[in-house]
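Asks: This is the structure I have questions about; it appears just below.
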Amino acid sequence: MSKGLFISFEGPDGSGKTTQIKLLSEYLEAKGTECVLTREPGGTKVSEEIRGILLDRANAGMSYTAEALLYAAARAQLVAEVIKPALNDGKAVLCDRFVDSSAVYQGMARGLGVEEIYTLNEFALDGIRPELTIHLDLSAEEGLRRKTKQAELDRMESEPDSFHRLVAEGYRELAKLEPERIKTIDASLPVEEIQEMIRGFVDGLK
């Protein structure tokens, strides 16, 4: 068992995960808990290079299976290099996306199968799973509206609206399967209200 605390944040693109992770880290740090903030795909040199391949719009022809395997490869490096060492040191790891993203994006929206994705990732995870997952629920339309205000869309963000609707619904279905771990919050609420709810869930773990 790890000595630290692992919390993942999930939700459609534009749901506000980055903002909430930053606010939660400030809260935990103020209480004396050292935090490590990371993201998927990414968080290490190797994983960031894989991220570049995955999100490059020039790679539009990538097969769904190759996509799932690349996400798993990036995840394996992140677990080995960042997440597991931090947890063993008693730190709190706050991760922007984790294996549930693959379950939704590749397992559900791509149609590869949720169980198949979890099975594929077993080797990559090395026994690591979040104690708590915050699901920021937002409609696909609102999420994309927010994203298009920020920057040019990457390969995944550029998928059709129908794909993003499958993602949003997929997260809701996944949350129903693991209600003890996955806590759903309406991402259209004010930032401060969302953060208050997240802190309540985190404090409830102790």
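The values are calculated or read from the model by the stated rules, or taken from the named source; none is laboratory data. The structure displayed is predicted, hence computed values, not measured ones. In this analysis, Cβ positions are derived from the backbone assuming ideal geometry, glycine residues included, and neighbour counts consider all displayed protein chains. Note: areas computed on protein heavy atoms with side chains; ligands, DNA, RNA excluded. Shrake-Rupley method; radii C 1.70, N 1.55, O 1.52, S 1.80 Å.
Asks: Going by the structure shown, is residue 115 acidic (Asp, Glu) and under 18 Å from residue 40 (Cα atoms)?
Replies: On the way: acidic (Asp, Glu): yes; under 18 Å from residue 40 (Cα atoms): no.
Answer is no for this residue.
Asks: Next up: Looking for whichever is modelled with pLDDT of 95 or more, open to solvent by less than 30 Å² (accessible area, probe 1.4 Å), of a type in the set (D, E, K, R) and part of a helix (DSSP H, G or I) here; the options are 67, 48. Which one fits?
Replies: None of the others qualify; the one that does is 67.
Asks: Which pairs turn up if I take residues in the stretch 8-29 that are surrounded by 23 or more Cβ atoms within 10 Å (Cβ to Cβ) and look for partners that are polar (S, T, N, Q) with beta carbon separation below 7 Å, at least 6 apart in sequence or on another chain?
Replies: 8/133; 9/20; 10/101; 10/133; 20/195
Asks: Still on this model: Return yes or no: is residue 165 open to solvent by less than 60 Å² (accessible area, probe 1.4 Å) and either in a helix (DSSP H, G or I) or not hydrophobic (A, V, I, L, M, F, W, C) (or both)?
Replies: For residue 165, the condition - open to solvent by less than 60 Å² (accessible area, probe 1.4 Å) and either in a helix (DSSP H, G or I) or not hydrophobic (A, V, I, L, M, F, W, C) (or both) - is not met.
Asks: Please specify each residue of the stretch 88-132 satisfying the condition of being of a type in the set (D, E, K, R), crowded, with 18+ Cβ neighbours inside 10 Å and not in a loop (DSSP other than H, G, I, E, B).
Replies: 96, 100, listed by residue number.
Asks: So residue 58 clears everything in (1) in a helix (DSSP H, G or I); (2) among the small types (Gly, Ala, Ser); (3) open to solvent by less than 30 Å² (accessible area, probe 1.4 Å) except one condition, right? Which one?
Replies: Only one criterion in (1) in a helix (DSSP H, G or I); (2) among the small types (Gly, Ala, Ser); (3) open to solvent by less than 30 Å² (accessible area, probe 1.4 Å) is unmet by residue 58, namely (3).
Asks: A further question follows. Condition first: outside any helix (DSSP H, G or I) and open to solvent by 80 Å² or more (accessible area, probe 1.4 Å). Now tell me which residues in the stretch 169-200 satisfy that. Before the answer, list the steps.
Replies: Step one: filter the stretch 169-200 for residues outside any helix (DSSP H, G or I), giving 178-190.
The one that is outside any helix (DSSP H, G or I) and open to solvent by 80 Å² or more (accessible area, probe 1.4 Å): 180.
Asks: Exactly one of these conditions fails for residue 144: (1) open to solvent by 10 Å² or more (accessible area, probe 1.4 Å); (2) outside any helix (DSSP H, G or I). Give me its number.
Replies: Of the numbered conditions (1) open to solvent by 10 Å² or more (accessible area, probe 1.4 Å); (2) outside any helix (DSSP H, G or I), the odd one out for residue 144 is (2).
This table checks each residue for (1) closer than 19 Å to residue 76 by Cβ; (2) of a type in the set (A, V, I, L, M).
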| position | (1), (2) |
| --- | --- |
| 3 | no, no |
| 14 | no, no |
| 33 | no, no |
| 40 | yes, no |
| 43 | yes, no |
| 55 | yes, yes |
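Asks: For the stretch 5-46, which positions are within 20 Å of residue 154 (Cα to Cα) and over 17 Å from the mean Cα position of the chain (by Cα)?
Replies: Matches in the stretch 5-46: 45, 46.
Asks: Being surrounded by fewer than 19 Cβ atoms within 10 Å (Cβ to Cβ) and among the polar types (S, T, N, Q) is the filter here, so list the residues in the stretch 30-43 that pass it.
Replies: Listed by number, the list holds a single entry, 33.
Asks: Could you tell me whether residue 141 is in contact (Cβ under 8 Å) with a residue 60 or more places away in the chain and either basic (Lys, Arg) or over 21 Å from residue 60 (Cβ atoms) (or both)?
Replies: Details: in contact (Cβ under 8 Å) with a residue 60 or more places away in the chain: no; either basic (Lys, Arg) or over 21 Å from residue 60 (Cβ atoms) (or both): yes.
No, not satisfied.
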